1. How many Cβ atoms of partner chains, on average, are near each residue of B:265-275 if near means within 10 Å of its Cβ?
2. Give the value in nm², to one decimal: projected area of the alpha carbon convex hull of region A:9-407, averaged over all directions.
3. Please report the orientation-averaged projected area of chain E, defined via the convex hull of its C-alpha atoms, in nm².
4. Can you give the FRET efficiency to the nearest 0.05 for residue D:42 and residue C:191, using r as the Cβ-Cβ distance and R₀ = 41 Å?
5. Rg/Rh for region B:95-249 to two decimals, with Rh computed the Kirkwood way over all alpha-carbon pairs.
6. Along Cα→Cβ, 7 Å out, is where each label goes; now give me the distance between the ones at residue F:72 and residue B:396 in nm to one decimal.
7. How many nm separate the modelled label positions at residue F:86 and residue B:341, each set 7 Å beyond the Cα in the direction of the Cβ?
8. Helix-derived [θ] at 222 nm for chain A: sum -39500 (n - 2.57) over DSSP H runs of at least 4, divide by residue count, nearest 500?
Ligand SMILES: Nc1ncnc2c1ncn2[C@@H]1O[C@H](COP(=O)(O)OP(=O)(O)O)[C@@H](O)[C@H]1O
Ligand SMILES: Nc1ncnc2c1ncn2[C@@H]1O[C@H](COP(=O)(O)OP(=O)(O)O)[C@@H](O)[C@H]1O
Ligand SMILES: Nc1ncnc2c1ncn2[C@@H]1O[C@H](COP(=O)(O)OP(=O)(O)O)[C@@H](O)[C@H]1O
């Protein structure tokens, strides 16, 4: 490994900063989710997030990163293995020679995306998935779902990217993918016992708000970092992230105010997340005013979408489909409407800014492809695992809680009399 | 919108990093405050912080940012509307052509300051303000109090800036402003029922300590980022922030040790915040040794000041006046004493470093103007809101707690028997 | 103080960012540790972490920083006092003229290392040390143990550095030092009453996981920042940190799975920390594949090492020796095995990459010297303090909990009936 | 008047409450408790330390009832809360000398 | 000896304690409880899910008293804890066979 | 049948449980409580506000026993839980009209 001299310090610093921020989002997600489950399952879901960091890091280094970013093997379907083990990074990544950041920094940055996308799935499987089954699930899912999708969209040689599909920071690969993959898993997994009749209220909303705060902070790295360099596009992506988060927050609480009379705190946090989800594909391609609108639409739409599970009876515990799936779809469609080259010359012109239907249809294609592909393959993986190792804990373990049954731990031990043990 | 080429990457990166850090301070503040209230009101106060992000972001983009930074309309009183909607940012901000960072980055950075200043007010109104009233309050206050003050001080065309007033990162606009605005609101709002007789002990000090940790981390972006570029002044501002926080922490706990025999953890956190408040106006203008002294003085003085409310009987629940108001005044006075051009050639010479009374009097003027203006206008706003929509929840809501009465949520749901619902 | 023009903006920004991240690690550590103790002692241990920031900041500015980095007084044993009070920083630090970052930024960065190393000791002394005694302990320990060690290793003029010892980010000064210093203190302090018979289970594992998340995030600044500039070595150090943390996490939980049947959440967090500890000295000197192996070894080895206290009967409450001491030793040995100039031309060649025994023996020498020196001097300090002011709280205070006895605070006040006071 | 105290598994509270409500009982008081008995606790593991937690979470219900309904309601509770596995809990009945409704000061059966 | 048990609104604990203290009662034991009764609970909303929380927080006081003071103290508690709104709670009195102070082993009235 | 209620210092729970277990008592129910009595509480300080916390944490044990063993076990508990310092707690005994094991429906002594 020799030290490359062709990249510049600012862009490298920017991408490394982005990588640190995106890594920080996963513990943030663990808290966001952890606060929303009951006290007996909080460690279980946090553990699913932490284990995702461990497992995906290793798989990404060993195989995934290369399969995504190496020279295309043909048809834009998958990359090769020259970059496996983080080798071959003294040269620019194939197709990304315009990037000023050190290629290894770019790979690490991308690794963090794969980690959090895997971690998101835990929001659907909460309270009932076996710990070993979750590990097997995300490992297979990473290789069979995430890696191809990421190659298609994030590698310039992927077939969707090649067609001209725009996706700034992962509306397809991260958001739609996590939403529809989670839907597939929860359909196989089945509902939590007692759901929806029994109250399964969040055990600590402040924990969730803290998690949302960390997600917000980290999302600047996620979106603005996806410019892969410090430039005006990065500034716009940063700004758009803030604006969409703010209006997403407002949209959700306004909806609640009119629908249930009460604007909730968890709704505010959820709305901010929904806004950021929707702006993810658009961040560096649309104007700040469009970002305000996209965030607002996401806040309203996702507040509606999370109710669907009660109507249709699938138990997506913490609304990965309702927030990430739906928000991601919205973002991709919005990008087809509002993209403008005045923000990013390397972008496109959306339907509503006079670009015709071309880009819009491409975005719809990419969104639909992602949803269908992610759902289908993940469904097969989940089914296979369920038939072999079994996805679900026993009834008794579910009553006791997964913290004790899967990890021999209790999250909290309060009270003057200690553990009484 | 075209892509400017006149700014540089390091300074832009620095300002964006600062913006992310300052945004992160608001969830940090939500935790700092949330831990200090009773468990029945924690979501309410955290919600006030989150809604501030939503509301102020939109108002800043729509109007505020332009009114602050656009070319002065006359007399240094207010800017125009050319920058409304974040337009017109392909050129340097009026009077800030020396800044090397992308103007949109600077605007977003400044937006984060307005957000947290609004959020600070929630520390005074805790446990009893109606949620819609809080929204109306900060919206009006932002337009009528924050925006003018920020123009006067932060825009080079503002009348105070024009006079030569120094304020590195917002001793006036953020600290004194939030302190005295909060005082005005709480005088209209009245005391919490049961205060000060009943114990209203913090429900979770660890939450507050976490919040303090996030504030500390974010304050580096707040103060050092206010250099608007990477340079030696930024390094000094960074260093001074750390030093003043450390001695503020020590000052407060030493005071407690001698006054009440017990150095408290909440006191340590409060002292660190007090030190950072006081160093805010001074950060890039004074030497590290002065910073040590300013922090220490702030720790001691604010530890005394928070007791004033018990004596004078105004219920500033979480001491916004005692910490931010008093700490901000101290910082402005200290700047008039210790500013030195050896640290920052664009700064001034304080009374004690041989600069005569000129700068000192200017700083006193700015501090007094801010305190009086913020108090007066905010008092009128609060009174008007109280007479129209009513500021305060019902007695029953106050007993039940605002989490349930305003948001239909409970922060915590512990215990083996769950919600028993 | 004049403004130096010889440093560059990217490197300065990088080091300041690193400093902010490392500062953030100390509140992170406070949470990591705070979650692991019982509810009656959580504020006490968090306070020990916060007070470390206050005390060490002041001592570092006043004396320590200069004694570490000033021109050597002779024999590579200690620096002089020219840099005391952060003076003399308009020129490069002695021996560090290759560094592109502002010298004051480097000093502040290094200050943060001293802070967290002092804070680490609180993990061993938890639940029973007097607050004033902890302050005296870390103050003396900083001057008599940390400062010399840091001079020996971190200053290019220190005798160990001079010999050619490699230590990228503090495997000796931070990790081995904190581990063996803590062992010395706990041997003087004695076991907690009831240990190991009584259950002293963590009162809030989610708090610890949050702390681990912050530590992980901050460790990027710790390790990658230690390159003191943005370059490929920084990128590798960043990457290695992530890889070792991931495999450390996996190693620990795999061990638990086989040893106790249950992979625990606290084990995952501990494993990630162990992996980062071990990679600390190696981060910028070894290849990513080596980092994977080092992290894994650390996860496994430290999972074994934390059991030693039950066998040998010393009460290192939160395993500073088992994680930092042992992980640090492992890291230093691994560096002697795996260092390669292909990653860092300024580094060395380890035994297993064909460099012979030279480097390996140097690393063993440095590790052993650190362990012996830290243990011996700290033991004397602790003994002296125990004989004079007394290290340990009374039996009653230990039963009541240190939050009340030392700080007159209660961490939590839940429940509908409030404080009942 | 009698006081029925029932110590049951926590997730039985809602079911017992529903059954009693149906039987016309309009009130009860519940608190959290931990029980020790034939039902074994569990082991927790923290960094190699294995802790035996011998106490199991239980809910403790108190129901004031008229003397004539005590037996019938005890049976109802016992049947409702039964899973048939160890640790289902205990029910005991105690005599009451006085009962008052705080709001009105009503006594005896009127206090219910 | 008698045991007075009072289930009252949580914010009444301090007031009741003060009243009893004034009446010369030197001790009591309090625990947290949740009550179900005429007083309605509330609805909570989380992401579109509305949960009815039927149990209301209550405090549960236990006061050992001599037989002769039981009636008077029950009345005192009832009057002190009354707000007149639904949910003020219940007081009941139970006979005690034995009472002991742990510190000294004193029994009966001396245990108080 | 009798119900022994013991209010003791929280860190005594394990010791009392062990003693009872040795004496052949196979079950008990424990809950958290706060006590007010001769033992003084403590003062807490938050930003200059000093709060008197008058209630002290206690554990509350309930043990159903046969009439014949009640006295002996009360003495055992009292001796085990004694530290000799103020605040050691109280023990009281109440008569039980009925006792049932939920799992089996067994009554009386068989319910133990
Ligand atoms: N002697 C007792 N006194 C009071 N409570 C008891 C007693 N024995 C058991 N319990 C309570 O009943 C619960 C169930 O008892 P256990 O012996 O585990 O099962 P089972 O009643 O099914 O035989 C215990 O957890 C405890 O709360
Ligand atoms: N039959 C009962 N047995 C035990 N506790 C009861 C009973 N009925 C009510 N309670 C307790 O008294 C509280 C107040 O009762 P509720 O019916 O709501 O109001 P009120 O007593 O004013 O009519 C309840 O929350 C519950 O804790
Ligand atoms: N009259 C009482 N009724 C109920 N519980 C009581 C009474 N007096 C004391 N207690 C309980 O006993 C505990 C110890 O009583 P206290 O007066 O402090 O000490 P001691 O019993 O050693 O004299 C109290 O904290 C309280 O929980």
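Coordinate-derived values only; no laboratory data. Computed from a prediction, not measured in an experiment: that's the story for all the values here. Note that we place each Cβ from the backbone using ideal geometry, even for glycine, and neighbour counts take in every protein chain shown.
1. Mean shielding count: 5.
2. Convex hull of Cα atoms, orientation-averaged projection: 17.4 nm².
3. 8.6
4. After rounding, the FRET efficiency stands at 0.95.
5. Radius of gyration relative to Kirkwood radius: 1.01.
6. The answer from the label model is 5.7 nm.
7. 6.9
8. -19500 deg cm²/dmol
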